[in-house]
Each structure stands twice: as C-alpha cells, then as structure tokens.
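Since every read-out is calculated from the coordinates, none of them should be taken as a lab result. Computed from a predicted model, the values in this text were never measured in an experiment. Note that we place each Cβ from the backbone using ideal geometry, even for glycine, and neighbour counts take in every protein chain shown.
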Amino acid sequence: MSYAYLFKYIIIGDTGVGKSCLLLQFTDKRFQPVHDLTIGVEFGARMITIDSKQIKLQIWDTAGQEAFRSITRSYYRGAAGALLVYDITRRETFNHLTTWLDDARQHSNSNMVIMLIGNKSDLESRREVKKEEGEAFAREHGLVFMETSAKTAANVEEAFINTAKEIYEKIQEGVFDINNEANGIKIGPQHSPTNPSLPGATGSSGSQGGGCC
Amino acid sequence: MDYFRSGLKSVLGAQPPDQQITGAETVERLVSRVSTSTLLEDRRDACRALKALSKKYRVEVGAHSMDVLKQVLELDRSDCEIIGYCLDTLCNITSKEPFDDENESPLALNVNIGEQFTEMFIKNTENVTLVLSFLEEYDFRVRWPAVKLLTSLLANKPKEIQDIILVSPLGVSKLMDLLSESREVIRNDALLLLINLTKSNANIQKIVAFENAFDRLFEVITEEGLTEGGIVVEDCLILMLNLLKNNTSNINFFKEGSYIQKIAPMLILPENIEEVGWSPQKVSNMHCVLQLVRTLVSPNNPVQIITACQKGLRNASLLEALCNILMASGVPADILTETINTVGEIIRGNLTNQEYFANVMAPSNPPRPAIVVLLMSMVNEKQPFQLRCAVLYCFECFVYKNEIGQGQIIQTLLPSSLGTSDITTGQLLCGGLFSNDSLSNWFAAVAISHCLIDNPAQKEQLLRVMIATNLGAQAVGLLHQSMMHLQQGNRLQSKIGILMLLAMWLAQCQQAVQVFLNIPGAMAFLTAQTSASECDNNEELLQGICALIMGLCVVFNDNSVQNYSKENLSQLIEKRVGLETYCKKLSEISRHEVYAKAAKQPQILAKHSSELLLEFEFCKFFKTFEGVIINALGVQRDLQNGISELSLSEHENALLLQYKELIRDQDKKLHDLQKALTNSQREKEMLKNELDELRQTNSQLNDQNTLLKAQLATNTTSNHIDNNFSGTQIVPPSAPLLQNNENHEELNNLKKELIDKTEELERLRKDQENLLELLTDQDCKLNVFKNRLREFGEVIEDEDSDVGSNSENEV
C-alpha cells in the first residue's frame, strides 16, 4: 500500500467515447460493453511502477454529458494529469476537443499533463478520424497522443503509464511544486521525513531535492 | 426603546424629545443614507446602524435594505469594514432562529422570516457567488461573516444553495480552503458549513473528497488530540461520515487513499483509561469513529466494497483494536454496544475475519472465547437491552456464510462436548432457549436458527441434541423440547422465536420434518393455531408462522410418517383450515408492520424489547418459501410423480387403477392403429411405385406410337385412321404390335371395300333415278298418245284405276 508518489488524474471528453471503460480496463482489467451513463464522477485507483518507484494513481472518471459540465469543472484544479478522450468512429467527438481543451486549460493548473486519446481503435472499419489527424491535433496543442481500445486493452496501460511518466519527469525537472497539493501530487507517507499527518508542510523540500539528484 | 434610540443618536443626530419615531422609519432613513451618501464613512456608519437594528427590527431591515446591501457588497468591496457590516446584517435577517429581543411582528407568527429573506436573496444566484467570493478575502471581518451568512442561507434553503455552490466556479474549493484556516473560529464554522453542505448530495461529497478533505480532516483531528479532542474532532468525524455514507465512489477513495490506517490510532485506548474515565465528549467522538468504520462495511454497500474494506480494516489492525475495546473494562455501555455492532459488521461474511474473531479470548480466569463471554451477556436479563441486541447481531454476523463457524457452534450443543466443565456457547444457547426470560428465549432461538441457514448438515446434527429437563427424567430431543415449551408457554415473543427456529430447521430437512411429525400433539397445535379465527395483538404473526411450518411439513415430507404423509397433510390444510384461510394466514406475516421493519436491515433495531418479534433472515426465508408452499398445496394434484400410490385413499386408488386401465387400453389401441397406418402407408408406397412404372411404359408406348404414326404417314395416305387410332390409346399397351398392324390393314381394306360398295350403290341409285325419269317420260308420252287416240275416237280401255278415275273426272 505504500507509494512514493500519488498522482491525481481526471478523464474528460464527450459522452460515450469510452472514458469509464478505459478506467475499468485499467483498474479491473475487464471490459463492459454496456456501461451505465456516468453520473457526476466515479473514482478508481491503481498502483503502477515507474523508474522502480511505486506510484499510486487516483483517477476521477467524469461524466461527459453537458449537464454535468459545471460539476466536472471542479475537478480540473487539483489534477496532475488529464486524459482527454475522443471516439475515432465519431468525428464530432474529435471536433469538440478544442472546447474541452480550452475548458481544461482555463480551470486547471498550468502544469497539468494532458494526454490525447483516440479510443475504440478496434473499430477500424467504422473509423471517421484518421490517426494522422489525432497526431496533428496533439502536436499543435502540445499534447501526448495515443490511440487505444478499451475493448481489446490495446495501449490502455501505456496511456495511463505514459501520462504518469510525463508527470514524473516534470517532478524530476522541478516543474511541479509538490508542496502544493492543489497540483494533484502527493508524496507517499514513508517518503515524507516529518510528521506523516502534515506531508505538505515542511518535509517535502527534502524529497524534492532527492528527486533532482 | 429609549436605550435603542440613544444608541442611534450618533448616527441619526439628535431627535426632538417628543418624537414618536418608529423602527421602520429609522430603517428607512438609514437605507436612504446608505444609498445616497457619497462618503464611504457615512455609508459605513449607516451600515453599522443597520446591523445593530437587524435583530430587533428584522422585518423592517430585511424588507427595505436588501437591495442597498447588495449594492454595497458589489461597489464597496475594497472596504472590509463595511462589507463585514453588510454580511452581518444579511446574516441576521436570514437567520433561521428568532432572536431573543426581536420585535414581535404580525408577520412572524406563521411564516419563517429568515427563510423568506433567504429566498429573496438567492433569487439572483449571483448573490451567492458574490458571497462565495468574499471567502477569498483574508480579512477576518469579511471572511468570518461570509462563512456565517452561507451557513444561514444553507440552513434555510439547503437544496437551492447546494445547487448554486455546485455550479459556481471553484465554489467547493473555496470552502475547502477554509479547513486550512489558522483562525480556529473560521475553520470550525467552515466545518459546520461543510457538514450541512454535504448532506445528501453525492456530487458535492465527491468534490469535497477530491479536494483532499480526508487529509485536511485527519490533520485537524490529530491537531486536536484524536478522540481526546473537543467537539471539533466530532465535527470532523461527522463531516467524514457525510462524505462516506452511501457514497461508494468516496468509500473506494477512502480505502484506496489508505485512510483506514489513519483511523486506527483513534481506536487505541490509553493505558490509564480506567483512571481517566470517559468524558462525554470522548464518548461522542468514539461513537463517531465507530460509525465511520461501520459506514465502510455497511451491509448496504456493494459486496466487493465491503470485502475490500473488511480486509483493509483487518490489515490496519482495526479489528484487533476493536476486539480489545470489547474485552476492556470500564467501557461505557453504549460504546460497548456500538463496538459489538462494528465488530459484527467487520466480520460479517468474511471468513478470515470470522476466524480471527473465533480465536479472540477474553482476559477472564479461566480465559474464555470472546464469543462465549458475549453470549453470556445476551442471555443475561440484567444486561442493557441494546447491548444484548448487539451481541445477537454480532453472533449472526459471525455465522453468516460461515459453514465452519456454524458447525462449531452446533458442535458445542452435541452430547459429546457437554462433558467439559467450562461453559460453552451451546450451553448458553440452550439455557437461553428454555429460560424464564422470554427475550432470552427469542435471542437464543434466533441465534440457533442462524447456525442452520443454508446448512442441511447442521440441521441433521441438531436433531441429535438431547435435553435433560429434570433430574432423572428421560432426555428428549431439542425439537421435542422446543415443541413442549411452545405448547406450555404463553409469552408471544418466546413462542415466535421458537417457531422461527422450527421453521428454519424443518425447511429442506426431511429428517427433521419426520422427527417433528412424530412429536405427539405437534400437528394438532399447529392446526389449532392456524385455524384459529380470533387474533388479538400480534397473534396473527404466531398463526402465520404456524401456517408456514405446516406448509413446510408438506413440502419437505418424505411420507415416512403414516398419518402425516404429504397427501394427508394437504388434506388436513384443505379440510380443517381451508386453502383460502391458510393463504391468508400465511400472508399475515409479510403484511405485519414488524415484518417491514425487520426486513429492512440485518441489524436488530428496536427501541423496546417487546418490539422484537421477527428478524431479518427469517423474513428472507419467508419470502423464499411462501411461494413454494402455496405452489405445493395448489397444484399438487397435477403432479402425479409427487405422490406415491401409498399415500392415496382406497377410493382414489381404485380410481387411479381404473384410469390406468383406460390408459393402457387406449395405449394398445393407439399402438394397433399406428401399425395399421404403417401398413397402409407401405401399401400406398407400393402402389405408387407400380403406377410410376406403368406411367413410364405408357409414355414409352406413346413415343413408339408417334414414331409409328410418322412411318405410317409416309406409307399411307389416309390420316384419319391415325386420328382414330390415337383416340383409342387406352388399348392395353400389352397388345401385340403385329396384330395391331394386321388390324390396320384389314380395316383399311374393309374401308376401301366400303367406299367401293358405296360408290356402286350411288351409281345404282342414279341409274334407278334415270330409269324412273325415263319411265315418267314414257308415261307422259303414253298419255299423249292415249289422248290422241281418244280424239280419233278410239276407245281405249283404262289399264289401271288411276287412269280410269282421271277419265271419269274428265267425263
């Protein structure tokens, strides 16, 4: 249960693009073809290893429906990573990416790592958005890009882990202020040298220093 | 009034001594000053005065000043003092509670003024957002009243405020930041605000949790000294409870965030607890901690969440800590009760935890298993009622889905283990079952019944239990003894307890049914109860369960008891009780209000001991078997294989034989007919084949015929013969071809002959005609000559009459 870092993620994107399925595939390693509409947000968690360090991912899967937009906005601040998901078989979900990105950039902290994900790559025959288009969009907006399939699990692990790697690198570079929990990053209890109940207060500078070296 | 006026002199200036100025007028004057004054100081003074008046003249201030106050909040936000006055004033006029020195207003009698003003204020949702924005102002004079105003608004219109805050950008975040506030009064008020804000709103609960609420709250709790701390600790725990109750997503987050470990220190009792004692606040805090743990493992949660949390609680040594509290001395009864409930839910349906619990020993001399010590309290009349209920619940949780545990408990009832000197669970349960305390009877009966759930092996084992009632008396079986107790006793609670035990024992256990049916008077008792027509307070429950047991005796009957075979018993129900009455009695159980209460949750919840009649698992059991029994009674007749011939009466047997004969006959007939049908079909097939063959030959002949006709056409000139011939196709195809040809020729010859003859005949006819003509001519000539002769005077004798007559005529 102990971890070196804890990262908070959010998953955003239009309704029906497979956000909940991506989370379920990542946390439970299963696919549920018929999934209920997410109401508000749902929580999931998993431990991963990067650079032989245990990293805990806490993921908030948000509702894509417009009605929940104002609620889900509350989660932007305080997330270290975001998975922005569209459906490669539905062009309009790709077209809405700019709106999502603007929303995310406006409400989140500037260092939040955003990973662009084209989901449902298993449905090649119904593809409406070319992979190159996704790549181009990601390049233009400075995002990491990946096509995934929550059904076949293709690239699902990679999507979550690569996002974590990016965050981890930013920590190493000292870009993230890990003292501020509003950034969505926490240092694990055993890594904090002082009182475990006050992880952010004084002890974190030491840990950060360790990370830099 | 004088006091008030003098206080206002500084603001309003001196008044003429004879004025009769009313509060309303003062307020109006102040309001106009706030809205018209150009100097900030003047506005500020007016606002301060409004604030001062807002308690006593609440209606007036609220009615007149709302708009100007909003205006000030927008325009003067840089001045913390005036904002503070405004917020305070708004807070006062929207307060839910009336003030002590508030002027009685005619309006105030029926309507809640605070609520009215709240409604007016929040009509424009921007106003709430505005107040939220003041939370960011660090100045104490602004931040604190802003928190208080929000609390007041929330108290009046919780749903509306929740919705507004939920959609305000960073609304919840701003409130959450207040938990890190160094000024305790603000932090504590913010805590209360959050408690109200998170009530029954899952979305806000999740956002609050996302905003690191658990970290913040555990920080505060630690700072305040854990459970030794004051009411702030309690508030923190209440907020956590709000966030977790019925919120699976947050429970999952709590578990994944390793917060369970952070509860553990709060459950460790200090060494000197007996000397220090339990302060009321400590009791309250402890209560909340226990509630918190129970929320995680509540039977209402999804199973995977419960299992994961149970595991987490064990791994964090929380189960151990709780068991220590269980066995510690000096723990207040209500804490002990809640601890027992909590332990119960942590072990419920979790084998590892149940095993752990089975091995917990009480520090008594000699050491006894904790479960024995607990059961001793359950069957002890002197123990508090709630505590006894908790023990039963904990026991139920211990045997829930725990086949091994169930077996172990039943084992202690069996004769072999009775020899040991120490008290066993079995002894306690048996003692409780037949004690003079009806509540103990009920508790023990329910406890034993839970050991039998889904466990047919233990139902049979339990049949081996023998009870020696009096010294020297013959030992009787537990089932028998229960029945005797039932027939002798007159206390409803005790009877219902035992009947529930019997019902759950007999179901799916033919052996137990057999033993039961052999108990003299058992059936008579049930029949009498079921067919009884009068029922006063809760008797209908008793009758209903008796009906249920009768039904179970039908369903799980192996027909080994002569007089009470399946058929006999259903006859008994039909004849003595009547199916309709029977079903009605049965349904009385689920229609009773205690059924609805008990079926709601596994925990035994009752204010008073007399309320305890039915119990959760029994309700579940009843739901399963009610339908089964009604089906068995209703459609039994149709299920021939359900009845052996032995169970039928003589008349019916004869009838059965008769029908069997009839069926046999019909069967034979059917067989014969089928045979005949097969033969006919075979014949038909043969004929069909023959016909096909003939058709084939026929068509062959036809072909040949055509061929021949063609040949014939070239050879002969006459076609109509062919036609004639084709008309005679039905001639048996087996006729020799040669003969056919000969016939042809012969026919042709004959025809030719016929033509010749006809021609001859024609010729002769023509000759004859010619001759006749000639004759006529001759005749005419002759007549002419005759006439000439007459002219010449020659007498000519007529040769024939004809001529004679002619001559006569001429004469």
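For the pair B:Lys159 and A:Val34, label points projected 7 Å from Cα toward Cβ lie 3.2 nm apart.
Helix B:403-413 and the longest principal axis of the C-alpha atoms of chain B enclose an angle of approximately 70°.
Averaged over peptide A:172-185, the number of partner chain Cβ atoms lying within 10 Å of each residue's Cβ comes to 1. A straight chain from B:Asn196 to B:Leu673 at 0.36 nm per residue would run longer than the Cα-Cα distance by 163.2 nm.
Given 4 °C and 1.567 mPa s, how large is the Stokes-Einstein diffusion coefficient of the protein assembly as shown in µm²/s, with Rh as the Kirkwood radius over Cα pairs?
33 µm²/s
The C-alpha atoms of chain B define a longest principal axis, and helix B:231-244 lies at about 10 degrees to it. Which of the pairs A:Lys56/A:Lys130; B:Lys56/B:Lys174; A:Lys29/B:Lys311 have their Cα atoms more than 28 Å apart in this structure? Table pairs above 28 Å Cα-Cα are A:Lys56/A:Lys130; B:Lys56/B:Lys174.
Charge tally for B:Ile83 (other residues, Cβ to Cβ under 15 Å; Lys, Arg +1; Asp, Glu -1): -1.
The gain in end-to-end length when the B:Leu605 to B:Asn563 segment is fully stretched comes to 10.9 nm, 0.36 nm per residue minus the alpha carbon separation. The Cβ shell under 12 Å around B:Trp442 holds other residues with a net charge of 0, Lys and Arg each +1, Asp and Glu each -1.
Please work out the C-alpha center-to-center distance from region B:662-680 to region B:274-326 and express it in whole Å. What the calculation gives is 77 Å, centre to centre. Could you tell me the calculated FRET efficiency between B:Ile423 and B:Ser279, based on Cβ-Cβ distance and R0 = 56 angstrom, to the nearest 0.05? With a Förster radius of 56 Å, E is 0.95.
Note on B:Asp779 and A:Gln65: the model spin-label points, each 7 Å out from Cα along the C-beta direction, lie 12.8 nm apart. With the simple model of a label 7 Å out from the Cα in the direction of the Cβ, B:Glu126 to A:Asp102 spans 2.2 nm. Remark: mean inter-chain Cβ contacts per residue of B:244-250 equal 2, using a 10 Å Cβ-Cβ cutoff to other protein chain atoms. Mean projected area of the convex hull spanned by the Cα atoms of chain A, taken over all viewing directions: 11.6 nm².
Considering only B:Ala457, A:Ile48, B:Cys780, the residue lying farthest towards the positive end of the dipole of the protein assembly as shown is A:Ile48, judged by Cα position with unit charges set on Cβ.
Can you tell me the convex hull volume per residue for chain B, based on C-alpha atoms, in Å³ to the nearest whole number? It would help to have the intermediate numbers written out before the result.
Details: hull volume 491.5 nm³, N = 811.
In chain B, the Cα convex hull volume per residue is 606 Å³.
Between B:Arg576 and A:Glu158, the FRET efficiency estimated from the beta carbon spacing at R0 = 56 angstrom works out to 0.15.
Local charge for B:Gln291 was computed over the other residues whose Cβ lies under 13 Å away, with Lys and Arg +1 and Asp and Glu -1, and equals -2. Relative to the dominant Cα principal axis of chain B, helix B:737-791 is inclined by about 50°. For peptide B:202-215, the mean count of partner chain Cβ atoms within 10 Å of a residue's Cβ comes to 5.
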